[in-house]
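Q: Encoded as structure tokens, here's the structure I'll be asking about.
The values are calculated or read from the model by the stated rules, or taken from the named source; none is laboratory data. Quick caveat: nothing in here was measured; it's all calculated off a predicted structure. Here the Cβ is made from the backbone with ideal geometry for all residues, glycine too, and neighbour counts use every protein chain on show.
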């Protein structure tokens, strides 16, 4: 089975510790992106097999399994799992590779992948 990237979103960014976005928690910010993505797709949230998020520096608020927090905070069904992986600069790419491998193996069909510093 082939893997296809259906859509994407990203957040704006600002300099560290400056600007209007500096006070927004990373899990809240990331879940807002997921909500926006789901609002623009014709996918039943119950069809999502997993939320896989790469996190280069899992510290502070983003150190509490941000993949699972995104799934919960975005309104996905509570049965939707989420996982956080760390490969430093390659974390988000690794998330995509995990999802693609799962699809190829027949272990799911619909994954949300992301990355956060």
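Q: Restricted to segment 35-44, and to residues that are part of a helix (DSSP H, G or I) and free of Cβ contacts under 8 Å to residues at least 60 places away in the same chain, which residue is surrounded by the most Cβ atoms within 10 Å (Cβ to Cβ)?
A: Ranking the qualifying residues of segment 35-44, first place goes to 38.
Q: Let me ask something additional. Name the single residue, out of those in segment 12-31 being in contact (Cβ under 8 Å) with a residue 24 or more places away in the chain and more than 18 Å from residue 98 (Cβ to Cβ), that is nearest to the chain's Cα centre (by Cα). Outline the logic, then answer.
A: Filtering segment 12-31 down to residues in contact (Cβ under 8 Å) with a residue 24 or more places away in the chain leaves 25-28, 30-31.
Add one more test, that the residue is more than 18 Å from residue 98 (Cβ to Cβ), and what stays is 25-28, 31.
Values: 25: 15, 26: 11, 27: 10, 28: 12, 31: 8 Å.
Looking at residues that are in contact (Cβ under 8 Å) with a residue 24 or more places away in the chain and more than 18 Å from residue 98 (Cβ to Cβ), I get 31.
Q: Let me ask another. What number of residues within segment 80-94 are closer than 26 Å to residue 39 by Cβ and in contact with a helix residue (DSSP H, G or I) (Cβ under 8 Å, 6 or more places away or on another chain)?
A: Total satisfying the criteria: 6.
Q: Go through segment 45-117 and tell me which strands (runs of 3 or more DSSP E), entirely inside it, have 3 or more residues that are under 19 Å from residue 13 (Cα atoms) and either more than 11 Å from the chain's Cα centre (by Cα) or modelled with pLDDT under 95 (or both).
A: Working: elements: 50-55, 82-85, 111-116.
Output list reads 111-116.
Q: Can we say residue 32 is touching a helix residue (DSSP H, G or I) at 6+ places or on another chain (Cβ under 9 Å), modelled with pLDDT under 90 and not in a loop (DSSP other than H, G, I, E, B)?
A: Answer is no for this residue.
Q: Separate question: Could you tell me whether segment 7-23 includes any residue that is in a helix (DSSP H, G or I) and in contact with a strand residue (DSSP E or B) (Cβ under 8 Å, 6 or more places away or on another chain)?
A: Checked segment 7-23: no residue is in a helix (DSSP H, G or I) and in contact with a strand residue (DSSP E or B) (Cβ under 8 Å, 6 or more places away or on another chain).
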